[in-house]
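Please treat every number below as a calculation from the coordinates, not as lab data. Here the structure is a predicted model, which means the values were calculated and not measured. For neighbour counting, all protein chains shown are included, and Cβ atoms are generated from backbone atoms with ideal geometry for every residue, glycine included.
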Amino acid sequence: MFSGCGGLSVGLSEAGFRVLGGLDADCDAITTFKKSHPRSLGLQVDARRFVDDLDSFLGSTDGIDVLVGGPPCQGFCVINPKRSQDDPRNACIQVFLDAALSLMPKAIVMENVPGLLTLAKGFAYKKVCEVLGSAGFTTSAMVLQAAHYGVPQSRWRLFIVGLRGKQFAFPEPTHRAMIRPNIAGGRSMTMRIPPADDLFTTLLPPVTVADAISDMPPIRNGGGKAVAEYRKAAATDFQVNARASSESLSNHQTLRLGDAYMDRIKAIPKEGMCWKDLPEDLIPANIRRSQEKWKCDTPTRFGRLRNDGLFTTILTRPEPYWGSFIHPSQHRVISVREAARAQSFPDHVVFQGDLPSQYRQVGNAIPPLLAKVLGKALLRQLA
């Protein structure tokens, strides 16, 4: 449910699950889902309508082992200045719980932003655990960092897993991405990364920006093509895996920025630069006011990515004001395909709709590689 373009489903498929179907109200997202899951049922339908008439949509609910979904999270997100317990999007969690109680699968996996734990003293999180617990599920929750599992992006996401009769054991990190949790209760709700390898732990180095996109051909601000050829050979294992089932490069197109944005981008030409490196006359007034009022350190705003670093959290639009979305060496923001690589999507997933819709689908998705790791752990524990 709330499948979006299918990031969670792509990962679960690669883990060994058979995806029976996905549903979402967004036409472009479900079109993307259906093209990348041709043997699955793809439904463009409101989730409440689906839950109220399961038999009509599914025919039979027998054989559904796992219900997964990422109910819309904007109402809980801490970067939303108007987040509220009464945000109507928060009701989607109730719809998801209603589906779980009707289908009663072997396992339930729900993804959301960490802000679910803190809004109104965690009312929604407590309700999820209470409802699932009363139905016989043992719930486990953890805030996972995508970079700990080979995703080239810093992205914290909450996962709640319910199993019947036993507690889910979350997979241990595989990559040494040293990122401090930025959530309340970070020590208890996140995986610990040892500062160095020892006899019992050997972690891989984090996957970097260059590891993910150094094979992408250069394009101009607002340029690129819907379909193009690969001009370089894959240079890393990540790129080899991303290109494995794709013969052409799709969605390598980028948002066109206006003159004011471009003046700022050209004024910070080196990797790792941000708004603090801008000339005084080019620093956005609202950033200056926020800095003076809150004394906040926001080095990602108007940030130019580092080839040897990670992507910042991919959002639904690569606005430089909100994060480090400027290409390491080219005067432009990252393309849809580069954002998709940051999310660990394989290149065979072709995003449908216009450019804003494509960016939105990518930004709303669960990283497939993270979903794959979770899926493998779930398969083992369901066996």
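Sorting 188-196, 256-264, 21-29 by average packing, meaning the other beta carbons within 10 Å per residue, from highest down gives 21-29, 256-264, 188-196. Taking every alpha-carbon pair under 8 Å whose residues sit at least 6 apart, the chain reaches a relative contact order of 19 percent. For the chain, adding -39500 (n - 2.57) for each run of n ≥ 4 DSSP H residues and dividing by the number of residues yields -8500 deg cm²/dmol at 222 nm. What's the angle, to the nearest 10 degrees (0 to 90), between helix 92-103's Cα axis and the longest principal axis of the chain? So the inclination is approximately 40 degrees. Computed over region 209-364, relative contact order equals 29 percent, with contacts defined as Cα pairs under 8 Å that lie 6+ residues apart. Axis angle, to the nearest 10 degrees, between helix 368-382 and the longest C-alpha principal axis of the chain: 20 degrees. Across the options Ile314, Leu369, Ile179, the greatest Cα extent toward the positive end of the charge dipole of the chain (unit charges at beta carbon of Lys, Arg, Asp, Glu) belongs to Ile179. The listed peptides 230-238, 175-183, ordered by packing as a protection proxy, come out as 175-183, 230-238 (highest mean of other Cβ atoms within 10 Å first). For the chain, give the magnitude of the charge dipole about the Cα centre (Cβ charges: +1 Lys/Arg, -1 Asp/Glu; no others), in debye to the nearest 20. Its charge dipole is roughly 640 debye.
Under a model in which nothing but the beta-carbon of Lys, Arg (+1) and Asp, Glu (-1) is charged, region 241-383 shows a dipole of about 380 debye around its Cα centre.
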